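What follows draws every value from the coordinates through simple rules; no lab data is involved. Since this is a predicted model, take the numbers as computed values, not measurements. Virtual Cβ from ideal backbone geometry, glycine too; neighbours counted across all protein chains shown.
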């Protein structure tokens, strides 16, 4: 098999795993929080939770993927930076598509509940916003999109740091055993 195709296969599989893991976690958390129609605390902390979940999932899955990818010597020609950028872009597109699919075909109530709770909070502080009506019409994950994609990007690049630390520890332990 062509080395480039194997590299693309690694990138594609990693992106699918990140996108499915992330959307599963976010929707699971969102449905758990929306059980009581999104409390004020849940709405306040949901973007932070989504940032942390995106960061952790991207960092762990990309670290494991890069570790396995770099152990296959015949396909070790794509630099880590390009691998991470391609995986980030593909994961972001897949998350967006899954979110639009869920919003269009499965359930629109989650985004409505979240936006309505934001509207209630803004009324309590005497702030009116036309953006709340717009938010009701967009898919759920895109409502916190900036935080989510920031978490994905930070998690993706932190996997490079984790991989470099792993290599240092592994090389140090290999030197001690010989």
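Highest average first, the peptides 82-91, 30-39 ordered by how many other beta carbon atoms sit within 10 Å of their residues are 82-91, 30-39.
One compactness figure for segment 3-156 is 1.19, namely its Cα radius of gyration divided by 2.2 N^0.38 Å. In terms of packing, defined here as the mean over residues of other Cβ atoms within 10 angstrom, the peptides 59-71, 141-153 line up highest first as 141-153, 59-71.
With each label modelled as a point 7 angstrom along the Cα→C-beta vector, the residue 170-residue 106 pair spans 3.5 nm.
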